[in-house]
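The values are calculated or read from the model by the stated rules, or taken from the named source; none is laboratory data. As the structure is a prediction and not an experimental result, all values here were calculated from the model. Virtual Cβ from ideal backbone geometry, glycine too; neighbours counted across all protein chains shown. We work out accessible area using only protein heavy atoms, side chains counted, and drop any ligands, DNA or RNA first. Shrake-Rupley method; radii C 1.70, N 1.55, O 1.52, S 1.80 Å.
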Amino acid sequence: MTEPAFVLRDPAHRVSPKARTLWQLQCGLTAGIGVIGLLVGALVWREYDARWWVLGAAVLVGAAYAVVVPRWRYAVHRWEITDTAVYTQRGWWARERRIAPMSRVQTVDLAQGPIDRLFGLSTLTVTTASAAGPLRIEGLDRPLALELSERLTRNAEAAGGDAT
Amino acid sequence: MSDGQWLRLDPRMLLVHPIDEIRKYVVPLLAAAVFGATQGGNPLFALAAVGIPLGLGVVRYLTTSYRIADGRVELRRGLLNRQLLSTPIDRVRTIDLESTPIHRLVGLTTMTIGTGGGGLSDNLKLDGLEAGDAQQLRSLLLADSAVAAEETEDDAGATLPGLPPPAAAYEHRWLRFAPFTSTGIVIFGGVVGGGTQFLGEIDIDADAIAEDLAAQATVVVLAAVVALGLIVLALTVLGYLVTNWEFTLQRHPDTWHVSRGLLTTRETTLDVDRLAGVSVSEPPGLRLARGARLSAIVTGLDKGQSGSAVLVPPAPDAVVRRAAAGVLGTDRPVSGPLEKHGRAAVRRRWARALLPAAVPAIYLVAAVVAGAPAPLLVLPVLLLAGAAALAADRVRSLGHAVVDGYLVTRSGSLLRHRDALASGHVIGWTTTDTWFQRRAGLTTLAATTAGGQGKVEALDLPAERAVEVAHDLTPELVGQFLASPTR
């Protein structure tokens, strides 16, 4: 079989495997809060006969969400930084690939939330002059993220111009 | 323009400021006047009512100054809350000269220097420059030296010697598009809303008097409807006239000038290097009347500042196309044929229009089966017919092209627009595809740019074609990420 000519390959690198655990925790928490909310509702609103069925369905959906979505996201999330460009891929149901040339990079932002810190992970956000949103790499190991952020800043400076 | 000196604005602003201040404080002033009168009159109130605006005007004049120094424009203002705005000259994207009737009376104009990057707060506003000075300053800031020599205080619309004829100029027949603009529709809604309330009251009166007056009431209602229509027509035409009077789109050596306005004149200057592309939009009303409007995608100007990006107001389709061709230097991006997106994209348009309509339609049919009155069946038929019409039109609109170094995309039905973006202004690519889209082999390609909406989007392209388009426009950037490196 011949490869079609115009197909983008996936970006070269996966994010840290710890990101999968982090997302499992996050999705689990979200699903858990939803289920607890419904449980309280079911205990209070006694007139509604099908309430336990609704709750059961919610538990199933929540469990599926917490199990499937993190794995799916981990399978999709990838990144690559070359000398001339940044290339990211993220999402799960909707997949988003972004390519930005190094010469158009405006700011590089490294963020770490409280749960991220627990796992030693960071999110790298690269903005360009476009109002249509930044490139974002979630779930990078802290030391790697620091190194990338420095490299990006250096490259963007070297590329010069006002990035518009 | 002496270099480095702090300059005051024109002293004639001492006349304009108090009028402005009075306009701003008209409510408290009235309150003060009324309060003063009813309380038996404290002359201090009346004094304050006149004195405070005058005082504020003088303070504003004395505390505002600007200068051009070290390649930067700087504006200093404020008495208690001192503020210094400063921007490098090479970051200047657009310059707006706006003169309200008061300004025009005393020969002044307001200059707004658009630098992009942030919101409106980043703009430098020099309120009150002598009109000639303002044009000199503008030439200096946009390095448009050739204009400085030639430009006089000509009326907008006059063709200046040495310049090509305008790419588009106001004609009275454009006025027929006035009722089809969005402002027209808003005014229409307002008048209809107000009118129905009014009519409701008339009806009650007629009923109360006598039944044989019903015929007369009908006449009154009809007359009211006709009058309403005429009022709407007059208002929209008037609005169009006031905004777009003597509209001209004119090429100068390094810039495009857009000037328009009857009472408040507005003159926008766009740096040619910052002009990333154009967007032709055809809202439903305009499209029915075979009209369109043209706006510029300007690097550094986002949608919040869209007023500065108007290139042609609602005008005949042909005029808009000609103007766009003039601006881009080629007519193919705006008038040339577009490539279709293929059968999968067509199926997706139909599915996305029909499925949401099918749910209430099925519900209604089920209701009739369950015993609701049969004439209700008309609703699902109308619903589905409307959805089908929408889908067919969206299919017809959908298209893209890569011509003369421009990415051209068109989509939408009720808000159809055709965008052309120059490859040199593409600052990145985004492809988005949901699971459904991937299964159909489609992807939505967006070229990101530093102006306008931030991107130009080609909806539901076949996945391979999307990558090919991106590769055609920026081969070096995309080539390195191809699965099999460039042939």
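Which of the residues that make up segment A:1-55 are among the charged types (D, E, K, R), open to solvent by 50 Å² or more (accessible area, probe 1.4 Å) and either more than 14 Å from chain B (Cβ to nearest Cβ) or assigned to a helix (DSSP H, G or I) (or both)?
A:14, A:18, A:20, A:46, A:47, A:49, listed by residue number.
Test residue A:59 against the criterion of being open to solvent by 30 Å² or more (accessible area, probe 1.4 Å), farther than 28 Å from residue A:121 by Cα and not in a strand (DSSP E or B), and give yes or no.
yes
A quick yes/no check of all residues on (1) aliphatic (A, V, I, L, M); (2) more than 9 Å from chain A (Cβ to nearest Cβ):
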site	(1), (2)
B:399	no, yes
B:407	yes, yes
B:429	no, no
B:435	no, no
B:444	no, yes
B:480	no, no
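Output the residues belonging to segment B:437-464 that are in contact (Cβ under 8 Å) with a residue 60 or more places away in the chain and in a helix (DSSP H, G or I).
Result: B:437, single match.
Which ones in segment B:54-81 are out of contact with any helix residue (DSSP H, G or I) (no Cβ under 7 Å at 6 or more places or on another chain), surrounded by fewer than 17 Cβ atoms within 10 Å (Cβ to Cβ) and within 21 Å of residue B:20 (Cβ to Cβ)?
Answer for segment B:54-81, where residues must be out of contact with any helix residue (DSSP H, G or I) (no Cβ under 7 Å at 6 or more places or on another chain), surrounded by fewer than 17 Cβ atoms within 10 Å (Cβ to Cβ) and within 21 Å of residue B:20 (Cβ to Cβ): B:55, B:59, B:62, B:63, B:65, B:76, B:80, B:81.
Does residue B:448 satisfy the criteria of being touching a helix residue (DSSP H, G or I) at 6+ places or on another chain (Cβ under 9 Å), facing another protein chain (nearest Cβ under 9 Å), buried (at least 20 other Cβ atoms within 10 Å of the Cβ) and among the β-branched types (Val, Ile, Thr)? Steps first, answer last, please.
Working: touching a helix residue (DSSP H, G or I) at 6+ places or on another chain (Cβ under 9 Å): yes; facing another protein chain (nearest Cβ under 9 Å): yes; buried (at least 20 other Cβ atoms within 10 Å of the Cβ): yes; among the β-branched types (Val, Ile, Thr): yes.
Against the criterion (touching a helix residue (DSSP H, G or I) at 6+ places or on another chain (Cβ under 9 Å), facing another protein chain (nearest Cβ under 9 Å), buried (at least 20 other Cβ atoms within 10 Å of the Cβ) and among the β-branched types (Val, Ile, Thr)), residue B:448 qualifies.
Go through segment B:89-109 and give me each residue that's open to solvent by 40 Å² or more (accessible area, probe 1.4 Å) and either in contact with a strand residue (DSSP E or B) (Cβ under 6 Å, 6 or more places away or on another chain) or in contact (Cβ under 8 Å) with a residue 24 or more places away in the chain (or both).
Within segment B:89-109, B:91, B:98, B:100, B:101, B:102, B:104 meet the criteria.
Filter segment B:409-427 down to the residues that are farther than 20 Å from residue A:129 by Cβ and among the small types (Gly, Ala, Ser), then identify the one that is nearest to the other protein chains (Cβ to nearest Cβ).
Residue satisfying both the conditions and the ranking: B:411.
For the subset of segment B:31-74 comprising residues that are assigned to a helix (DSSP H, G or I), at pLDDT 75 or above and of a type in the set (Gly, Ala, Ser), which member is nearest to residue B:114 (Cα to Cα)?
Step one: filter segment B:31-74 for residues assigned to a helix (DSSP H, G or I), giving B:31-38, B:43-63.
After this cut, where a residue has to be at pLDDT 75 or above as well, the list is B:51-52, B:54-63.
Narrowing further to those that are of a type in the set (Gly, Ala, Ser): B:51, B:55, B:57.
Details: B:51: 34, B:55: 30, B:57: 25 Å.
Only one residue fits best here, namely B:57.
Could you grab me the full set of residues in segment B:466-478 that are open to solvent by 10 Å² or more (accessible area, probe 1.4 Å) and either in contact (Cβ under 8 Å) with a residue 40 or more places away in the chain or not charged (D, E, K, R) (or both)?
B:467, B:471, B:472, B:473, B:474, B:475, B:477
Look through B:20, B:90 and report the one residue that is within 23 Å of residue B:299 (Cα to Cα) and modelled with pLDDT under 80.
B:90
Restricting the search to segment A:99-118, which residues are within 14 Å of chain B (Cβ to nearest Cβ), surrounded by 19 or more Cβ atoms within 10 Å (Cβ to Cβ) and out of contact with any Phe, Trp or Tyr (no Cβ under 7 Å at 6 or more places or on another chain)?
Quick first cut of segment A:99-118, residues within 14 Å of chain B (Cβ to nearest Cβ) only: A:99-107.
Imposing the further condition that a residue be surrounded by 19 or more Cβ atoms within 10 Å (Cβ to Cβ) reduces the set to A:99-102, A:104-105.
The answer is A:100, A:101, A:102, A:104, A:105.
For the structure I just gave you, tell me whether residue A:68 is over 14 Å from the mean Cα position of the chain (by Cα), outside any loop (DSSP other than H, G, I, E, B), within 14 Å of another protein chain (Cβ to nearest Cβ) and more than 23 Å from residue B:426 (Cα to Cα).
Taking the combined requirement at face value, the residue satisfies it.
Quick one: residue B:147 ticks every box in (1) surrounded by 21 or more Cβ atoms within 10 Å (Cβ to Cβ); (2) of a type outside the set (Asp, Glu); (3) at pLDDT 85 or above bar one, so which box is it?
Status for residue B:147: all satisfied but (3).
Does segment B:402-410 contain any residue that is on the phi < 0 side of the Ramachandran plot, out of contact with any helix residue (DSSP H, G or I) (no Cβ under 7 Å at 6 or more places or on another chain) and open to solvent by 10 Å² or more (accessible area, probe 1.4 Å)?
So far as segment B:402-410 goes, no, none of its residues is on the phi < 0 side of the Ramachandran plot, out of contact with any helix residue (DSSP H, G or I) (no Cβ under 7 Å at 6 or more places or on another chain) and open to solvent by 10 Å² or more (accessible area, probe 1.4 Å).
Only one residue in B:255, B:268, B:236, B:243 is under 21 Å from residue B:176 (Cβ atoms) and open to solvent by less than 40 Å² (accessible area, probe 1.4 Å), so which one is that?
The conditions single out B:236.
Can you tell me which residue in segment B:271-302 is nearest to residue B:237 (Cα to Cα), limited to those that are open to solvent by 40 Å² or more (accessible area, probe 1.4 Å) and within 14 Å of chain A (Cβ to nearest Cβ)?
So the residue we want is B:302.
Just wondering, is there one or more residues in segment B:451-459 that are over 21 Å from residue B:343 (Cα atoms), more than 25 Å from the chain's Cα centre (by Cα), at the interface with chain A (Cβ under 7 Å from one of its Cβ atoms) and modelled with pLDDT under 90? Don't jump to the end; show me each part of the working.
Quick first cut of segment B:451-459, residues over 21 Å from residue B:343 (Cα atoms) only: B:451-456.
Applying the additional criterion that residues be more than 25 Å from the chain's Cα centre (by Cα) yields none.
No, segment B:451-459 contains no residue that is over 21 Å from residue B:343 (Cα atoms), more than 25 Å from the chain's Cα centre (by Cα), at the interface with chain A (Cβ under 7 Å from one of its Cβ atoms) and modelled with pLDDT under 90.
Output the residue which, of all residues in segment A:71-98 that are in a helix (DSSP H, G or I) and open to solvent by 20 Å² or more (accessible area, probe 1.4 Å), is farthest from the other protein chains (Cβ to nearest Cβ). Lay out the reasoning, then the answer.
The first filter runs over segment A:71-98 and keeps only residues in a helix (DSSP H, G or I), leaving A:71-76.
From the residues that got through so far, the ones that are open to solvent by 20 Å² or more (accessible area, probe 1.4 Å) too are A:71-75.
Details: A:71: 15, A:72: 10, A:73: 13, A:74: 16, A:75: 13 Å.
Only one residue tops the list, namely A:74.
Is it the case that segment B:75-85 has a residue that's in a helix (DSSP H, G or I) and modelled with pLDDT of 75 or more? Walk me through it before giving the result.
Within segment B:75-85, the first condition is being in a helix (DSSP H, G or I), and the residues that meet it are none.
No, segment B:75-85 contains no residue that is in a helix (DSSP H, G or I) and modelled with pLDDT of 75 or more.
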